[in-house]
Structures are given as C-alpha cells and as structure tokens.
1. Report yes if some residue within region 305-326 is open to solvent by less than 10 Å² (accessible area, probe 1.4 Å) and touching a helix residue (DSSP H, G or I) at 6+ places or on another chain (Cβ under 7 Å); otherwise report no.
2. Which residue is nearest to E230 (Cα to Cα), if the candidates are limited to region 176-196 and must be open to solvent by less than 20 Å² (accessible area, probe 1.4 Å) and touching a Pro at 6+ places or on another chain (Cβ under 9 Å)?
3. Checking the conditions here, which among L232, L307 is on the phi < 0 side of the Ramachandran plot, in a loop (DSSP other than H, G, I, E, B) and in contact (Cβ under 8 Å) with a residue 24 or more places away in the chain?
4. For region 49-142, which helices (runs of 4 or more DSSP H) that fit wholly inside it have 2 or more residues that are more than 17 Å from G161 (Cβ to Cβ) and either touching a strand residue (DSSP E or B) at 6+ places or on another chain (Cβ under 8 Å) or in contact (Cβ under 8 Å) with a residue 60 or more places away in the chain (or both)?
5. Of all the residues that make up region 149-180, how many are away from the ligand (no atom under 16 Å from the Cβ), farther than 15 Å from L39 by Cβ and outside any loop (DSSP other than H, G, I, E, B)?
6. Please determine, by comparing only the residues of region 134-146 that are farther than 20 Å from A213 by Cβ and among the aliphatic types (A, V, I, L, M), which one is nearest to the ligand (Cβ to nearest atom).
7. Based on what the data block shows, is S139 modelled with pLDDT under 95 and closer than 27 Å to S186 by Cα?
8. Report yes if P252 is surrounded by fewer than 24 Cβ atoms within 10 Å (Cβ to Cβ), more than 14 Å from L16 (Cβ to Cβ) and in contact (Cβ under 8 Å) with a residue 24 or more places away in the chain, otherwise no.
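The values are calculated or read from the model by the stated rules, or taken from the named source; none is laboratory data. In this text the structure is predicted, and so the values were computed from the model without any measurement. Ideal geometry is used to build each Cβ from the backbone, glycine not excepted, and the neighbour counts take in all protein chains shown. Protein only, heavy atoms only, side chains kept; ligands, DNA and RNA dropped before computing areas. Shrake-Rupley method; radii C 1.70, N 1.55, O 1.52, S 1.80 Å.
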Amino acid sequence: MLAAETTARANANVALVKYWGKRDAVLNLPSTGSISLTLAGLAVEAAVAFDGGVSDRLEIDGEPAGGEEAERLRRFLDVVRAEAGSSSRARVVTRSTVPRGIGLASSAAAFAAVALAGSRAAGLRLEPPALSALARRGSGSAARSVLGGFVEWRRGERPDGTDSIAEPLAPLDHWDVRVVVAVTSSAPKAVSSRDGMTRAAAAPFYPAWVEGAEADLAAARAAIRARDLEALGLVAEHSALKMHAVGLAARPALLYWRGATVECVHAVWALRAAGTAAFFTIDAGPQVKVLCLPADAARVAAALHALPGVERVLTCAPGGGAQVIA
Ligand code: PMV
C-alpha cells in the first residue's frame with residue numbers, strides 16, 4: 001500500500017569547500033568531503049505520487065521533462081523504488097525558483113526535494129542521514145540540501161556509501177551571513193558537473209586538489225565555529241580557485257568562467273581592499289557567489305550589479321533543510 005501524493009521543498013546550497021571529483025560515479029561518492037551553506041529562497045518544490053501507470057510521468061516547471069534530464073530523474077526514481085521495494089511508476093511535478101542549468105545548484109534542491117517527497121510517497125520515513133544518502137544518488141550536492149545552514153558532506157570510507165552523508169555543522173541561527181549571487185549568463189552550462197569532474201580527474205593537478213581538501217575542511221569548520229568571516233571567506237576562495245585551476249589544466253581544458261566572471265572576482269577583491277569583508281566562490285558555471293555580512297550585502301550587490309555583463313543580482317540568507325509541505 002503506497003502513500004498518496006507528497007510534496008516537499010528543498011533549498012539550493014553553495015559549497016564553500018567544493019566537491020569536485022568522485023570515487024564512485026554510480027553511487028556519487030566523492031573523492032573529498034565538502035562544506036556548504038544552504039540558501040533561503042532558491043528552492044525547488046517536488047510533488048511525487050507512485051500511482052501506477054505504464055511509465056513515469058515527469059513535469060519540470062510546467063513542461064514535460066525530456067532528454068537527459070528526464071533520464072536522470074527516472075534513474076533516481078528507480079533508486080527510490082529499489083529502496084522501497086516497489087515497482088510502481090510515478091507522477092512527479094517539480095517547480096523551481098532557481099534558474100535551471102546555470103550553476104545555481106538547481107539539481108541539489110531538486111534531488112533533495114524529490115528524495116524527500118518520493119521516499120515519503122513510497123511509504124518510507126527516512127531520517128536525515130539516510131535521506132542525505134538517497135538524495136546523493138540523484139546529485140552529489142543534493143546530499144547537503146537535505147539539511148539547513150552550514151553543512152558538511154563527509155567523504156566516507158565505505159564502498160556502499162552509507163557513511164557518505166551530510167551532517168549539520170551549526171544550527172541555522174548560529175551565524176547570519178549573506179550570499180550575493182551575480183548572474184553573468186543565463187545560458188545553460190556547456191559542460192555538466194558530472195562531465196567536468198571526469199575531465200578534472202584526469203588532470204595533472206587533481207592529486208594536489210584531493211590532497212588539499214582535509215586542510216581546507218578543517219579551516220572551514222573552525223571558521224564557522226568561530227564565526228570568522230575572513231577565515232571562512234579566504235578558504236572558500238582558495239577552494240574555488242583550486243577547483244577551477246584543475247579544470248584549466250585538464251585536456252580538453254575546462255573553463256566555466258565568462259569575462260564578467262573575472263570582473264566580479266576583481267570587484268570582490270577591490271571591495272576587500274576598500275575595507276568590505278566580501279569573498280567569492282564559483283561553481284560549475286559563470287556565476288559568482290559572494291559571501292558577506294548582512295550589513296554589507298547591499299553594498300556588495302550594488303558593486304556587482306554595476307559591472308558590465310552582470311545580468312542580475314540575488315541576495316540569499318541562510319536557508320533551512322528539506323521539508324514536507326503537503
Ligand atoms: O552535485 P553536482 O553533481 O551537480 O556537483 C556539484 C559541483 C559543484 O557545485 C561545482 C561543487 C559543489 O560542491 O557543489
């Protein structure tokens with residue numbers, strides 16, 4: 001007997017210490033741990049019902065899902081079905097407030113929301129560790145969007161991935177910061193993070209990237225605990241720049257940045273030189289996300305908005321974890 005339709009909402013997250021490389025590509029087990037902040041307002045809502053039918057019916061933002069996106073969601077529903085011991089086909093409707101495919105972590109929010117709604121609709125009640133492990137199968141970074149605030153996704157050691165899960169680093173009200181997002185291009189990204197990671201893993205700088213992760217994670221954990229924005233911001237910039245440096249040294253080379261991305265980097269450094277504590281990070285796309293204090297967010301947003309090539313600017317507060325809403 002399967003539960004009726006369930007709707008869940010999950011927020012996107014931004015990695016401050018990046019996940020970039022897998023030790024198992026099927027289970028989405030990472031080569032390193034990562035640390036993120038879940039962001040309010042960049043959410044995906046997913047309604048899931050296992051109502052039989054001959055095939056899965058998938059709708060994303062008002063359109064029938066197609067191509068690789070639909071395949072990925074179907075494969076994920078197979079994982080949910082396997083866990084629930086069910087073979088029933090599903091109806092899934094997702095609605096996003098995150099622009100998709102432009103490096104704003106829409107897949108993290110989407111798979112965290114579908115993992116929660118899908119597992120409940122299939123009659124499972126998963127605790128956060130198991131829910132995180134399930135969401136990870138859809139998209140690695142979705143493991144972190146199950147939880148709110150500052151989150152660490154542990155690399156884990158086990159081959160089955162049961163210990164590769166997200167854990168809270170601090171309660172949501174521990175530290176109020178802002179992430180100002182500069183959107184420099186709304187075009188879909190040219191290289192998916194999965195393909196980017198495969199390319200990066202063959203690059204000559206990759207071993208150094210993996211080797212440096214533990215030190216970055218330790219520095220970020222300590223900075224979050226101490227609410228030390230400068231320490232956290234500097235390690236976040238360092239992690240992001242190393243991740244992109246690995247791609248530059250790959251063959252073929254991988255470069256997610258556009259001209260405006262570089263302008264944003266210089267603008268953040270100029271803000272810092274003038275006394276505003278602002279620190280950037282960049283994911284698998286050309287957008288720039290800037291960590292700062294709430295009191296400085298308007299100044300940071302104005303500086304980024306003024307740059308040629310910046311299409312729009314969003315300001316996000318820390319957000320909560322995935323929730324069932326209906
Ligand atoms: O979760 P994926 O497979 O989309 O990979 C996310 C990769 C980065 O966003 C670049 C880094 C991260 O840790 O989120």
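1. Checked region 305-326: no residue is open to solvent by less than 10 Å² (accessible area, probe 1.4 Å) and touching a helix residue (DSSP H, G or I) at 6+ places or on another chain (Cβ under 7 Å).
2. V177
3. When all the criteria are applied, what remains is L307.
4. Output list reads 67-84, 106-121.
5. Counting residues in region 149-180 that are away from the ligand (no atom under 16 Å from the Cβ), farther than 15 Å from L39 by Cβ and outside any loop (DSSP other than H, G, I, E, B) gives 3.
6. Applying the filter and picking the extreme gives A135.
7. Answer is no for this residue.
8. Numbers: surrounded by fewer than 24 Cβ atoms within 10 Å (Cβ to Cβ): yes; more than 14 Å from L16 (Cβ to Cβ): yes; in contact (Cβ under 8 Å) with a residue 24 or more places away in the chain: yes.
Considered against the rule, which asks whether it is surrounded by fewer than 24 Cβ atoms within 10 Å (Cβ to Cβ), more than 14 Å from L16 (Cβ to Cβ) and in contact (Cβ under 8 Å) with a residue 24 or more places away in the chain, P252 comes out as yes.
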